[in-house]
1. For the range D:215-255, just list the percent of Cα-Cα distances falling in each 10 Å bin from zero outward, please.
2. Suppose you put the label 7 Å out from Cα in the Cβ direction; list, shortest first and in nm with one decimal, how far C:Asp290 is from each other copy's label.
3. Hey, could you grab the Kirkwood Rh for the range C:1-132? Inverse mean 1/r over distinct alpha carbon pairs, Å, one decimal.
4. Over the range C:237-289, what per residue volume does the convex hull of the Cα atoms give, in whole Å³?
5. With a cut-off of 8 Å between alpha carbons and a minimum separation of six or more residues, what is the relative contact order of the range B:124-263 in percent?
6. Based on other C-beta atoms within 10 Å, arrange A:Ile257, A:Ile136, A:Ile67 from fewest to most.
7. Once the dipole of chain B is set up with Lys and Arg at +1 and Asp and Glu at -1 on Cβ about the Cα centre, which of B:Ala139, B:Gly92, B:Ile41 lies farthest towards its positive end?
8. To one decimal in nm, how far is C:Ser144 from the same spot in the other copies, if labels go 7 Å from Cα toward Cβ? Please give the shortest first.
Amino acid sequence: MPHLADCRIMSNQEIAPEHYRLTLHAPQIAAESAAGQFCMIEVRPGYAPFLRRPMSFERIFNDGFSILYRVQGEGTRLMAMMSSGQVLNIQGPLGKPFPLNPTYQRHILVAGGIGIAPFPALGDAIVRTLGKTPEIVIAARTERLLLCEKDFRQMGCRVHFVTDDGSAGEKGLASDGLLRLNPGPDCVVYACGPMPMLKAVHAVCAARGAVCYASLEAEMACGDGVCLGCVVESNVEVEYERMVRVCKDGPIFDTRIIRWDAY
Amino acid sequence: MPHLADCRIMSNQEIAPEHYRLTLHAPQIAAESAAGQFCMIEVRPGYAPFLRRPMSFERIFNDGFSILYRVQGEGTRLMAMMSSGQVLNIQGPLGKPFPLNPTYQRHILVAGGIGIAPFPALGDAIVRTLGKTPEIVIAARTERLLLCEKDFRQMGCRVHFVTDDGSAGEKGLASDGLLRLNPGPDCVVYACGPMPMLKAVHAVCAARGAVCYASLEAEMACGDGVCLGCVVESNVEVEYERMVRVCKDGPIFDTRIIRWDAY
Amino acid sequence: MSISLRVNLGGLEMKNPVTVASGTFAYGEEYDQYFDISQLGAVTVKSLSLRPRAGNPPPRLVETPAGMLNAIGLQNVGIEAYLKDKLPFLRKKGCTIIGNIYGHSPEEYAQLAQRLEAEGGADAIEANLSCPNVHDARTARGCSLVAQNPELVRQYTVAIKTATRLPVFVKLSPNVVDIVESAVAAQEGGADAVSLINTLLGMGINPETRRPILSNIVGGLSGPAIRPVAVKMVWDVAKHLKIPILGMGGICTASDAMQFILAGARAVAVGSYVFREPTAPMKIVQGLDDYCRRHGVADINQLVGAMAV
Amino acid sequence: MSISLRVNLGGLEMKNPVTVASGTFAYGEEYDQYFDISQLGAVTVKSLSLRPRAGNPPPRLVETPAGMLNAIGLQNVGIEAYLKDKLPFLRKKGCTIIGNIYGHSPEEYAQLAQRLEAEGGADAIEANLSCPNVHDARTARGCSLVAQNPELVRQYTVAIKTATRLPVFVKLSPNVVDIVESAVAAQEGGADAVSLINTLLGMGINPETRRPILSNIVGGLSGPAIRPVAVKMVWDVAKHLKIPILGMGGICTASDAMQFILAGARAVAVGSYVFREPTAPMKIVQGLDDYCRRHGVADINQLVGAMAV
Ligand SMILES: Cc1cc2nc3c(=O)[nH]c(=O)nc-3n(C[C@H](O)[C@H](O)[C@H](O)COP(=O)(O)OP(=O)(O)OC[C@H]3O[C@@H](n4cnc5c(N)ncnc54)[C@H](O)[C@@H]3O)c2cc1C
Ligand SMILES: Cc1cc2nc3c(=O)[nH]c(=O)nc-3n(C[C@H](O)[C@H](O)[C@H](O)COP(=O)(O)OP(=O)(O)OC[C@H]3O[C@@H](n4cnc5c(N)ncnc54)[C@H](O)[C@@H]3O)c2cc1C
Ligand SMILES: Cc1cc2nc3c(=O)[nH]c(=O)nc-3n(C[C@H](O)[C@H](O)[C@H](O)COP(=O)(O)O)c2cc1C
Ligand SMILES: Cc1cc2nc3c(=O)[nH]c(=O)nc-3n(C[C@H](O)[C@H](O)[C@H](O)COP(=O)(O)O)c2cc1C
Ligand code: FES
Ligand code: FES
């Protein structure tokens, strides 16, 4: 059940250009949260910005959680100006977590840019709950934006880098990185990143017979399934079940459900 | 000429419950400012609040100035949360300063509540420019809100306290305090505070033949004479000169000009 | 001092004047996680249509300064699924229910009202004659809503009133020259109250892609940005109507709600702000109680339309 | 890459598409303290009437979420004082001038236009047929503006066009069912462009005093809060009009201005935001140049109405 809680900022640090890690004291929310879920952050009192901002849990601790965010617009710019000791009102946990299934041999994580955000928590969960070691493709525009390498090395993961500009790892797209790992029916792929990347990753998985779960993004008002603003089109035949809510039915979707040709 | 400048906050301290002193580094603005003038503060980026907030200069230094403010609503609440090192965009100086006239024997300052704000600068100016020592009536709801006593003692002023609740000084209104000082035609009275107080002070001055300059307040959009939003009604006979702009024609007015029965 | 917040909104007894705006509270279940929704004067449900609707394609939502634009397009489960899956929860909670309905003709509205009454699906009907998101903006110039045509408002109202004995509220659009005309038409048609306002038509363009932000291009603007427009319309209508008003548009706090009540609204609905602050409706109930206490007013009805001119 | 920002707004040559909204820039002098106002495409002056006007009693102004309400009531120095005291400064600076006028009848508008032309007081006329603040809200139900009646819009436009050879822009109100009707009426009357939008009617009440915040009760809502409404109306009108559009309503940044241009505005006016940020109009001129550069567009006219549907 989601909570509304005033949470103290433990730290808020720039970890790469325009990328921050924010840690919040939020024991109650943390206790009920799982990898893949998210929270809605009230950036500040007053009506600018008007809506809360959705952010995935990066890591979940006993007494709180961290998020990893990229400065995108007004809301995240204001977040970046905050400092420890200040308080943010948080709504969460929201949405469905990544499904964890022990039957798969390989767990491959594919992150594009800030899409890395929910994966430290997912990696933790795979290691701890399933006793497996995930592999990860970390893709970004350029070397400096390849985040969280250390976290995954510590879990013992194979880490594959891909950059748009070839400044580190393979030059190419996240889906190229995934292809290199030769996914097959024994794999479950978890993907997070921009829509075109997810579409490409889905295509690879579909071709190779791997199941793929993607964490989707959409502009949100309520985060809680109420406003019907955050929908994406699915393949469901039933007309009125075609629109699925990213916040409540997702944000994690089996990619076979999404009507990719709409994107 | 008014400037627009990003000014660093040197300090922002609570000096009484809900009352703060904010000091800004603003050498250019300070160099051109005089007691009675004010600035417009952009409280923060984004559209909440939408308009700048007008604030009188409390004291003017070589390298900047201070303001004294009371937390009133959203804008001032946000200001109170700021800390030294942060930057505010300031527009100023704006408006007309207090007129200084050496022909008067006595200079009496009458402050109601946060209306004390422009008087430290005015006291300084009277002492330095005219070589006279002003007298001051400081009125407030209660003892803890009697501000700036020390500043005026240091200037050698006679300080008369008045409180609504009698917790310090005389129990009564600012205008009662003024009456005790027995003002007459040899006096110039400077007043700042809420409209009903100014009306009462004007009445005392009119009855005693003292000239009175009041610093008025009105909600402002531009602060610069453009929007015509901040007007008050004057006694001017000419119909279309009846509305005088607090920001540009004031904020300091000879009280005989104001149509007090409209207030 | 004992304060009474009870109001009678055109025959609907409400224990306090606070409800929620249709489409911003779904069917109540989600927000019951944050506060006991039966404490509200009423719960207004998302517009119900005869058949389920998928609504418009995404994107359907964008934030704007102090507000938001939406082009949901009345996605809803349809009246039968509502009666079967959603109503039991609201009834179990003991909520007073305002059933908001949307149809394509007077007959459809009548049918919806009849079904709701027959199945105990609502304690009052709110007829949404003013949704801006059910037309294709590419073809519908300026948009043509039933609520923009007083004669149609009258006809639709008559049809609904004939079909049900439940109190009928008619929800109007701010996109008119004079909302009093629409309100008077509703009153003439027999409406028991008018609900105002629905969203204002608006749109946004992404300059980088040069494409409209909403897939339907045009959407409805809501939130505190439009509050001054809504207060003005409530005040206009209150001066000329005998039936009561359910006021909405940008209400976030008890102080906002008081503006509507003083302007002449018998009850108020909290809309978009509930997305930001799910407990807002409850806090407003408390805030109205505080206000009455502070002002020594024993019965909130004394404040309706009590603005001193 | 050399970028041309020149536009022709119904016969008015502007070196760039950026002007200011009438009433938010007075007659230019104050803001020339912050930037060289002759760099703007044009300066639009505060509405001028035949005789000076004192406007409404205070309070006339209140901040609202992401906007403001004003009820200035067209306080202005009158046309003769403008010609004598204000015009010389604008001419000395070399500004292109849009002379906004307000009268009580077609004849007064005609007279004002004539005087402006005769004295070289403006390079184009903008007829304000849509000021919400010149009626007493206590008596004028819903407000009745010339711009709310297409037939009157046509008549007034004809009268002004007959009186002057200067380009005539007709400024319209958003408080209508379909602003296209008003715009078409202006076009039929011979207008060279339409200016949209004026403020939306709105009001506020202070719950503590239970009194209206503005002395005139009702005022005009402006600022970013209303931007989505304005963009929508520009887009609607652009689809149906041959004459160009001067777009305004909540423009704060070059990106906002681009929304209006892509929706179909040939030029744009910066209004309320200039109070907050006096250099905004100048920054927008620069921002439009940057935009064109970034998007490889050599002539801004190519972007007018270029939204991809
Ligand atoms: C379930 C979910 C989880 C997310 N997790 C993260 C995360 O862990 N780290 C991170 O950096 N970002 C994350 N995002 C994206 C993040 O919400 C946006 O970057 C952020 O809302 C931008 O706000 P802004 O005010 O800075 O930008 P603006 O562009 O000013 O925002 C304007 C509006 O657009 C919305 N918006 C803008 N970009 C996005 C986007 N990509 N997705 C959804 N809404 C958007 C905003 O919420 C706001 O309503 C997540 C989004 C979703 C839906
Ligand atoms: C020339 C001038 C000088 C001033 N100097 C000082 C000063 O030195 N110290 C100080 O504490 N206050 C001063 N004020 C009052 C101060 O501007 C307001 O208290 C402040 O704007 C309140 O903003 P807010 O957002 O906190 O309040 P809110 O009530 O949220 O503000 C809402 C709107 O009302 C306006 N407003 C509210 N109260 C006042 C008021 N009393 N006068 C004018 N506008 C108001 C705000 O500017 C804003 O536009 C001065 C006002 C003027 C006109
Ligand atoms: C996301 C969203 C969905 C809405 N859906 C409906 C609806 O289904 N039926 C309806 O009558 N009004 C609907 N509305 C309009 C609201 O009920 C309300 O009239 C409007 O939003 C103004 O109130 P607000 O500013 O407080 O949100 C919707 C509004 C929003 C923001
Ligand atoms: C304080 C103020 C005064 C205004 N005065 C006039 C006026 O005299 N004549 C006019 O045609 N419009 C006037 N307007 C309307 C603006 O020109 C403009 O149409 C409106 O404010 C919308 O633009 P904005 O949201 O950018 O302010 C005024 C607006 C404001 C805020
Ligand atoms: S954000 Fe409201 S339904 Fe998903
Ligand atoms: S605040 Fe604009 S004229 Fe005074």
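1. The distribution over the range D:215-255 is 25, 43, 25, 7, 0, given as percents.
2. Values, ascending and in nm: 4.3.
3. Details: mean 1/r = 0.0641 Å⁻¹.
Every distinct Cα pair counted, the radius reaches 15.6 Å.
4. On the way: hull volume 3.4 nm³, N = 53.
For the range C:237-289, the hull spanned by Cα atoms encloses 65 Å³ per residue.
5. Working: 232 pairs, mean separation 21.6, N = 140.
Value for the range B:124-263: 15 percent.
6. On the way: A:Ile257 16, A:Ile136 27, A:Ile67 23.
The order, fewest Cβ neighbours first, is A:Ile257, A:Ile67, A:Ile136.
7. Of B:Ala139, B:Gly92, B:Ile41, it is B:Ala139.
8. So the distances to the same position in the other copies read 2.6 nm.
Just so you know, all these numbers are worked out from the coordinates, no wet-lab data involved. All values reported here derive from a predicted model rather than from experimental measurement. Virtual Cβ from ideal backbone geometry, glycine too; neighbours counted across all protein chains shown.
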